[in-house]
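Comments concern the structure below.
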Amino acid sequence: MKSGVASFVAWCAMVMVVALVAAETAAAANCNPMELSPCLGAMMGTDNPSAVCCQKLKEQVPCFCNYLKNPTLRQFIDSPNAKKVAAVCGLQQPSC
């Protein structure tokens with residue numbers, strides 16, 4: 001029974017950490033990774049980024065370091081294609 005309680009406590013702690021990271025990311029400079037959805041085709045494939053994509057990327061620049069701290073978002077933001085999209089849009093990789 002004690003291992004069940006310990007597992008439940010560990011699970012609750014993990015949920016709290018995820019919630020805190022999500023809240024911190026959302027609170028900083030209107031950060032919303034969903035705003036980058038116009039870039040999805042370019043980041044996941046070989047499409048060139050649209051003007052809307054580049055605009056959204058530029059709006060979200062203050063958020064990139066927080067996004068990179070999130071393992072789920074990092075895989076998209078730090079991918080080779082995402083770096084190419086950022087370069088085409090005239091953005092440099094953030095130094096966090």
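Coupling constants for segment 85-94 follow from the phi torsions by the Karplus curve (6.51 cos²θ - 1.76 cosθ + 1.60, θ = phi - 60°), and in residue order they are 4, 4, 5, 4, 7, x, 9, 9, 5, x Hz; glycine and proline get x.
Note that segment 60-68 has calculated 3J(HN,Hα) couplings of 8, 3, x, 9, 4, 5, 5, 4, 5 Hz, one per residue in order, obtained from phi through the Karplus relation 6.51 cos²θ - 1.76 cosθ + 1.60 (θ = phi - 60°); glycine and proline are x. For the peptides 56-64, 31-39, 73-81, residues were scored by their other Cβ atoms within 10 Å and the scores averaged per peptide; the highest-first order is 56-64, 31-39, 73-81.
Any read-out appearing in this document is the output of simple, stated calculations on the displayed coordinates, not a laboratory observation. Fair warning: this is a prediction, and the values are worked out from it, not measured in the lab. Every residue, glycine among them, receives a Cβ derived from its backbone with ideal geometry; neighbour counts consider all protein chains shown.
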